Amino acid sequence: MELNKSQKRILFIGLLAIVTALLMWIGFGGEIFTKTQVIVEKQNELFGTTYKEWKDQFILGLDYTLAFIVLAVMLTLMTIYFKRDKGIKSNLVEIRQGRTSSETSLFLSYFLLFKF
């Protein structure tokens, strides 16, 4: 399948979104699961003991990253599909003007007859 200019641009944007999502996931530490809290060790200065406390902090995980990537791939593929050249219309114009080969006109005749 040959891509037109807008399809190439959309493909580039989709790949850029996927790479950005992967880089963000790596930047957050490459965790498998998304976390909303982390355990922090604190020290009691009075007694010199340490204790663990939960701290609210968002850490992006692979689960959310993969969900975003799947969504980006689906949107990219759908947009590429809908932005395709309407080859039949342009080929019909060429047929009417007599600028196409007989194989193409035969194919288009069958295509329009059976409406695949």
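The values are calculated or read from the model by the stated rules, or taken from the named source; none is laboratory data. Since this is a predicted model, take the numbers as computed values, not measurements. Virtual Cβ from ideal backbone geometry, glycine too; neighbours counted across all protein chains shown.
The set of residues in the stretch 1-14 that are without any contact (Cβ under 8 Å) to a residue 60 or more places away in the chain and among the hydrophobic types (A, V, I, L, M, F, W, C) comprises Met1, Phe12. Evaluate the stretch 19-39: report whether one residue or more is assigned to a strand (DSSP E or B) and of a type in the set (S, T, N, Q). Yes - at least one qualifying residue is present in the stretch 19-39.
Checked across the stretch 47-66, the condition of being within 13 Å of the chain's Cα centre (by Cα), at pLDDT 95 or above, in the same structural domain as Leu16 (by TED's automatic domain parsing) and not in a strand (DSSP E or B) holds for at least one residue. Only one of the numbered conditions (1) assigned to a helix (DSSP H, G or I); (2) at pLDDT 95 or above is violated by Lys89, and that is (2).
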